[in-house]
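The values are calculated or read from the model by the stated rules, or taken from the named source; none is laboratory data. Just so it is clear, the structure is predicted and the values come from calculations on it, not from any experiment. Quick reminder, even Gly has a Cβ in these numbers, built from the backbone with ideal geometry, and neighbours come from all protein chains shown. The protein model used for the area step is the full one, side chains on, heavy atoms only, and it has no ligands, DNA or RNA in it. Shrake-Rupley method; radii C 1.70, N 1.55, O 1.52, S 1.80 Å.
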Amino acid sequence: MPSDATLLERKQMSSATMLAKVEDAVRRGARNAAPAYTLILGAGASFGVVPTAKEMLGCPDVKTKKIHDKCIPLWLSSQGDSKDVFLTDDARMACVVEFWRFFKEANSSNSQVDQIALDSAGLPTQEYVSAAYQAIFNTSCVGGVDTPERHRAYMREVTMATQAGSIPLNATHFYLASLLSLQRRIGESGPNGQLLYKGQREFARTIFTTNFDPLLQTSLQLFQLLYYMTDRPEFLSADALQTDEHPAIHLFYAHGSVHRPFLANTEAQIEQLKLQNSRDLAAYLGTHGVIVLGYSGWDDCLLDALNQTKTFSNNLYWLVRGKESITPKVSKFLEEHSNSYWVNISDGGHFMASLHGRLCPGVPNTEMLYNPIRPLICQLNCVSLSNVGKSEPDRKGTLLLSGVGEAPVEVDSLRLQVIKRLEGLQRSFTGENGIEKFDELWRQAELSFANESWDIAANAYKTLAHDENFADPERKTCAQFRWAVCLSEAGKESDSLEAYTALIESGGTSTAYKAKALVNRGIIFGSFGIQEAEVADYNEVIDMEGVSDDQIASALYNRAIHFAASGQSDIAMEDYQSIMELPAAPSEYILLAIYNRGVLREEAGDLDRALESYTDLIVRAPPAELYTKALTSRGNIYKRFDRLDDAIGDFSQVIDMTDSRDVDIALSKFNRGICYNLKGDFNSAVRDLSSCIQSKSLPRHKVTDAYLGLGVAFQGLGKRKEAAQQYVKVIESTDAMGHERDMANQALVGLQVN
């Protein structure tokens, strides 16, 4: 039997393949056919706009130590008699800690609350975020968001209220709404001559969401789309999903919305909806393709409906941010459904922008950004004001056609004048003549580049770089450089190499662009294994007159990577040191140099100085990924120095960070569990090692080590049977190394002897 990991690997589909299949599904359908897909959006689709569950609980960001402005403890305090405003970080933290102290005490007889573990600061630990979130919304608890009225008021506040009075949107909602608006304009062409929408049938018309927020509504309003909502899931009618013939977009709020009194957050409420609605939902989902985004697979009506569905008309694609984020429930679903696949994406907004660019090549970055005036003209053309009487000439605020004293006109004439003026402005966006044409093409290229729509951007930049009528030398050079970048990002390295070479050898190329092109060409030479040419390009940049520090830093960094990979660590160390000595080196290169220098020192056995490097980096608070690496590396050195409390502190920071990847959390739990074993704290070791194994996020080569560690922990607790079970798992594992089986066999023999 293949392992779970092998089965899951077989169900992976690349983003490029998925986009091609989606395009094929909408292009081959008949115009009167039902929409090809339906979408399921979870909390991840609202990321960056609505606080996460952990942020709602008041847990501060591990790096910044900041508490979210809209966390529940602060919000509840602001609802009290004192109306306190917490201006200082200490006051905010004190409020949150006091909330959890009171909440635990007031609900001590409630088993759900009693199980929630608090950390040394008095806040819920990472393992109990889900339980704490459900408890704080439980109507049987005291002191939380414990009534439907309070629950609704908080969710409205957190999802709707802003200083400007408007609701912010993220890229996921913006591009999705644009795609849903353009899918109706089959056959129309955009300003670049390409189709506004490639499909013969619509992409989607029904969206399911587990969120309560009004972001979908707001985004559809931005693009003037008619929609209606099913947001009373507790009263779902039998025909609620017979909607494919309806022209409006259908928003299905599977757990309720902020507009209604019922919001399902607790296990009991979610179970109620699952029993009531799953069957009807399954009947609909099976007749469409399904795209899942930002949904981790709750044990709710949607996951139950998906499990009841035997197959999906146009496949199911489950979008995830890394394999490690696939939960056991989702993994099981994927393995049991033949035409369901998981697709790795970097971000929901990037994916939706890529999908939009693929299906809407005429305006790959939305008509709102290319030509925002057209929708307003369409709106005004749909309005008739001919029955409105003439304005009174002596009424205050009368709007006249021309000068003072002219006769007032009918309001509809004013409407027509406004349309005419807007049509004049529209021409500046569509680029119908002369320089405006290139301005429009440049705007399309820049937006596509920013959205990582590499093929679309490459075509636009190529035209700008080679069109003799485009006479802007600075932008022409930039277009040549960006064209080369796009070719490389699209996987066309050979073509990119030629484009960089043409730019480097051109007599009119500025020093800045020549330096950039040399560094990028050097990287491509390196990928082709042409090492002498690679180093020669980096050297040329470092030795150039008038080149900026950021370009020198880029060349030094890439040269150091080359030397380190080829075993010349001393030279690499010198390059990293040179980066740090540059007066104006970008911080990103300085931070990377510090970390990589620590790695080289560690590999050379100089652990004391490696520790210095990692500590130096941690103090500088780098971006999350590098911060996690530094904490993990330092924690492992602390472990080797037998400074177990310090090591546990570093691994705990990674586990508690809101932006840690699941794989980093799993690895840190593994490392922390091993440290607990070494300390003799076997209960904590069992907790961590069991958790990291169950998460399915632990890399395969570490799983057998975790079983070994778990065996040691159970053995330390005197639980011989449980310990033996772990050792047997190692011996029977196809992933175990020879020395790991030997260790497990020896431990098993030791148990039997004793």
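Each Lys and Arg adds +1 at its Cβ and each Asp and Glu adds -1 at its Cβ; summed about the Cα centre, region 22-62 shows a dipole of about 280 debye. Estimated at 0.36 nm per residue, the fully extended path between D467 and A94 surpasses their Cα-Cα distance by 127.9 nm. What a 1.4 Å probe finds exposed on region 45-153 is 52% carbon and sulfur by accessible area, rounded to a whole percent. Classify region 214-325 as rounded, prolate or oblate from the Cα gyration tensor: take a ≥ b ≥ c as the square roots of its eigenvalues, call it rounded if a/c is under 1.5, otherwise prolate when a/b beats b/c and oblate if not. Rounded shape, in that the Cα axes give a/c under 1.5. Amide hydrogen proximity for F252: with H placed 1.01 Å from N in the peptide plane, the residues at 5 or more positions away or on another chain lying under 5 Å are I207, F208, T209, T230. With both labels modelled 7 Å from their Cα along Cα-to-Cβ, the E336 to H259 distance reads 3.5 nm.
For the chain, adding -39500 (n - 2.57) for each run of n ≥ 4 DSSP H residues and dividing by the number of residues yields -18000 deg cm²/dmol at 222 nm.
Taken per residue, the accessible surface of the chain reaches 46 Å², heavy atoms only and a 1.4 Å probe. Karplus-derived 3J(HN,Hα) values for region 261-276, using 6.51 cos²θ - 1.76 cosθ + 1.60 with θ = phi - 60°, are x, 9, 10, 8, 10, 8, 4, 5, 5, 5, 5, 4, 5, 4, 5, 7 Hz; glycine and proline are entered as x.
Couplings 3J(HN,Hα) of region 324-334, computed from phi: 5, 8, 6, 6, x, 5, 5, 4, 4, 4, 4 Hz, in residue order, whole Hz [Karplus 6.51 cos²θ - 1.76 cosθ + 1.60, θ = phi - 60°; x for Gly and Pro]. Taking the average, over residues, of other Cβ atoms within 10 Å as the packing measure, peptides 209-219, 415-425, 329-339, 112-122 rank 209-219, 329-339, 112-122, 415-425 from highest down. Estimated at the nearest 10 Å², the accessible area of E127 is 70 Å² with a 1.4 Å probe. Charged neighbours of E367, selected by a Cβ distance under 10 Å, balance to +2 (K, R count +1; D, E count -1).
The figure for W298 is an accessible area of roughly 90 square angstrom, using a 1.4 Å probe on the protein chains alone. Placing dummy labels 7 Å off each Cα toward the beta-carbon, the span from D244 to Q221 is 3.1 nm.
Each peptide in 622-634, 270-282 was scored by the mean count of other Cβ atoms within 10 Å over its residues; highest first, the order is 622-634, 270-282. Taking all protein chains as they are arranged and a probe of 1.4 Å, the heavy atoms of Y133 leave approximately 30 Å² accessible to solvent. If you sort the three axes of the alpha carbon gyration tensor as a ≥ b ≥ c, you get a/c of 1.5 or more for region 570-652 and a/b no higher than b/c, which makes it oblate. Proximity of backbone amide H atoms, modeled 1.01 Å from N, is registered between G29 and Q200, R201 at under 5 Å, excluding neighbours fewer than 5 places apart on the same chain.
The residue list N520, Q551, C478 was ranked by how far each Cα lies along the charge dipole of region 470-551 toward its positive end, using unit charges on Cβ atoms, and C478 comes out on top.
Charged neighbours of A30, selected by a Cβ distance under 12 Å, balance to +3 (K, R count +1; D, E count -1).
For the chain, the square roots a ≥ b ≥ c of the C-alpha gyration tensor eigenvalues yield an a/c of 1.5 or more together with a/b not exceeding b/c, which makes the shape oblate.
Phi angles across region 91-98 convert, under the Karplus curve 6.51 cos²θ - 1.76 cosθ + 1.60 with θ = phi - 60°, into 3J(HN,Hα) values of 5, 5, 4, 4, 5, 5, 4, 5 Hz, Gly and Pro given as x. Overall, the accessible surface of region 485-628 at a probe of 1.4 angstrom is composed of carbon and sulfur to the extent of 47 percent. Charge dipole (Cα centre; +1 on Lys/Arg Cβ, -1 on Asp/Glu Cβ; no other charges) of region 89-157 amounts to roughly 220 debye.
Counted by Cβ distance under 14 Å from Q379, the other residues give a net charge of 0, where Lys and Arg count +1 and Asp and Glu count -1. Counting only residues 5 or more places away or on other chains, whose amide H sits under 5 Å from the amide H of S340 once H atoms are built in the peptide plane? Placed amide hydrogens put L316 under 5 Å from S340. In a simple Cβ point-charge model (Lys, Arg +1; Asp, Glu -1; nothing else charged), the chain has a dipole of about 1980 debye relative to its Cα centre. Here the label points at S690 and L118, each 7 Å from Cα along the C-beta direction, are separated by 2.4 nm in the simple model.
Say the cut-off is 29 Å between C-alpha atoms; which of K696/K721; K274/K332; K21/K332; K21/K702; K492/K514; K629/K679 go over it? Over 29 Å Cα-Cα: K21/K702.
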